[in-house]
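Okay, so here's the structure we're looking at.
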Amino acid sequence: MQALAGDAAGCTRCRLAGTRTNVVFGMGRPRAGLVFVGEAPGEQEDLQGLPFVGRSGQLLDRLVLEEMGLTREDFYITNTVKCRPPGNRDPLPDEIELCSPFLDRQLEWIDPSVVVTLGNFATRLLLGTTEGISRVRGRTYPYRNGRLVPTFHPSAALRGGGQVVAQMRADLVRAKEALAPAGHARGGQR
Ligand code: URA
């Protein structure tokens with residue numbers, strides 16, 4: 001994983017290399033049973049080199065603690081695209097495709113029981129669908145050796161308010177239940 005992070009740190013595969021401050025590879029428990037996958041780093045993440053350290057991350061941390069009883073030490077968290085798109089624009093299809101081998105190898109190495117995708121970009125990439133998050137959330141999907149639980153991106157919850165937050169909470173409970181059968185406590189550490 002460290003070798004992969006080293007590769008990512010020097011990556012120039014796409015145009016985002018020209019505008020980033022830091023590559024945001026991922027953080028958390030290296031052999032976690034639970035992995036969250038977001039969209040792309042924002043301003044704070046780009047400056048600090050860490051995922052979900054801005055407002056979205058604070059909301060996510062609170063919801064995960066309240067619904068799953070877990071903290072950052074218990075899970076791994078990363079993004080679909082590892083570098084900040086300028087002005088926080090959506091990542092472009094070629095950026096997602098060129099960056100996807102990093103996420104692919106992270107997931108292969110961690111081999112989690114449960115992956116929670118946050119928002120459309122991670123969900124579409126990992127489920128191989130073109131459907132939007134509102135349509136696919138609310139259930140659990142088979143994924144590699146485990147399961148995938150799609151939910152809203154926390155920025156949608158910040159914008160959308162109570163109803164979106166309530167649906168996110170329900171999805172996190174779903175993720176907790178998906179972790180449970182494997183006998184995994186605290187994020188399914190192994
Ligand atoms: N939004 C994301 O999708 N990822 C981050 O790391 C921060 C905000």
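Observations
- Angle between the chain longest axis and helix 162-179 axis [Cα atoms, degrees, rounded to 10]: 80 degrees
- Taking every DSSP bridge with both residues inside the chain, close to 30 percent are antiparallel.
- Intensity falloff of the chain expressed as log10 I(q)/I(0), Debye formula with alpha-carbon point scatterers, at q = 0.10 Å⁻¹: -0.35
- Sorted peptide list for 21-28, 100-107, criterion being average Cβ within 10 angstrom, highest first: 21-28, 100-107
- Highest mobility in the GNM of the chain, judged by mean-square fluctuation with C-alpha springs under 10 Å and restricted to Leu92, Leu59, Leu126, is found for Leu92.
- Glu73 paired with Gln48, simple spin-label distance in nm, labels 7 Å along Cα-to-beta-carbon: 1.8 nm
- Highest-first arrangement of 39-47, 1-9, where packing means the average Cβ count within 10 Å: 39-47, 1-9
- Label zone of Asn145 (point 7 Å out along Cα→Cβ, amide N under 18 Å): in the stretch 82-109 this covers 103-109.
- Residues Met68, Met168 arranged by fewest to most Cβ contacts within 10 Å: Met68, Met168
- Put a dot 7 Å past the Cα of Leu92, heading toward its Cβ, do the same for Leu65, and the two dots end up 3.9 nm apart.
- For the pair Thr21 and Glu108, a Förster radius of 30 Å applied to the C-beta separation gives a FRET efficiency near 0.60, rounded to the nearest 0.05.
- Separation of alpha-carbon centers, the stretch 99-135 and the stretch 1-69, rounded to whole Å: 14 Å
- Rounded FRET efficiency, nearest 0.05, which uses the C-beta distance separating Ala3 from Glu131 and R0 of 45 Å: 0.80
No lab work stands behind these numbers, since they all come straight from the coordinates. Owing to the predicted nature of the structure, the values given are computational and were not obtained by experimental measurement. Cβ sites come from the backbone with ideal geometry, for glycine too, and all protein chains shown count toward neighbours.
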